[in-house]
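Notes follow once the structure below has been shown.
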């Protein structure tokens, strides 16, 4: 399985918009945490095995040509070894605005996982482990989250060879992404989606 693009940016950095952009550029289908939600019986055991140092990347990404968001972002060190020719995109945003978006969405969802429907628990348990692997266990305050977020981004920049890495903000639109991926800039506007209300709508749609 060839992986064209691997996203190393964590959730709430524009990863859903990046997924849509990658698909639009013809480099998909692109894996995203939403795919795990849609295919929990298949995906959760595979990601759980990856968390236990027994990944089967070819099976995990079967049917996909790119991947962004968590869980993928937590495994950038392993994935550069598994797919040494892939291009990596690190989606970034200001650490403060990231923390203020992450806390009332993903972090809140994980903190309240005991109240979730039973069919969601295995997904939430896996997601909690993924985010812990990224350096963001439950219980961090805003400043600690910002520090962990910055540390993750720095680790990506120090691990992925510079020629294979695009450090990117969604607000930059098509131009830098298309230049990096060798694609023509589409005429359509860059996709911008998955605000906080959309996040909760997507989660609710799976309950």
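The values are calculated or read from the model by the stated rules, or taken from the named source; none is laboratory data. Remember, predicted model here, so these are calculated numbers, not experimental data. Neighbour counts run over all protein chains shown; Cβ positions are idealised from the backbone, glycine included.
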*Could you check residue 135 against (1) more than 15 Å from the chain's Cα centre (by Cα); (2) at positive phi; (3) touching a residue at least 12 places away in the same chain (Cβ under 8 Å) and say which number it fails?*
(1)
*All but one of (1) touching a helix residue (DSSP H, G or I) at 6+ places or on another chain (Cβ under 8 Å); (2) farther than 18 Å from residue 37 by Cβ; (3) surrounded by 12 or more Cβ atoms within 10 Å (Cβ to Cβ); (4) modelled with pLDDT of 95 or more hold for residue 104, so report the exception by its number.*
(4)
*asked:* I'm told residue 168 meets every condition in (1) surrounded by fewer than 18 Cβ atoms within 10 Å (Cβ to Cβ); (2) under 20 Å from residue 17 (Cα atoms); (3) in contact with a strand residue (DSSP E or B) (Cβ under 8 Å, 6 or more places away or on another chain) except one. Can you identify the failing condition by its number?
replied: (1)
*Taking the stated definitions as given, is residue 9 touching a strand residue (DSSP E or B) at 6+ places or on another chain (Cβ under 7 Å), outside any helix (DSSP H, G or I) and under 17 Å from residue 188 (Cβ atoms)?*
no
*Which number in (1) modelled with pLDDT of 95 or more; (2) surrounded by fewer than 22 Cβ atoms within 10 Å (Cβ to Cβ); (3) farther than 26 Å from residue 144 by Cα marks the one condition that residue 77 misses?*
(3)
*Quick check: anything in the range 130-152 surrounded by fewer than 18 Cβ atoms within 10 Å (Cβ to Cβ), closer than 14 Å to residue 77 by Cβ and out of contact with any helix residue (DSSP H, G or I) (no Cβ under 8 Å at 6 or more places or on another chain)?*
yes
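Give the residues of the range 165-185 that are in a helix (DSSP H, G or I) and either more than 13 Å from residue 5 (Cα to Cα) or modelled with pLDDT under 95 (or both), sorted by residue number.
Here is the first cut: in the range 165-185, the residues in a helix (DSSP H, G or I) are 170-172, 174-181.
Correct list: 170, 171, 172, 174, 175, 176, 179.
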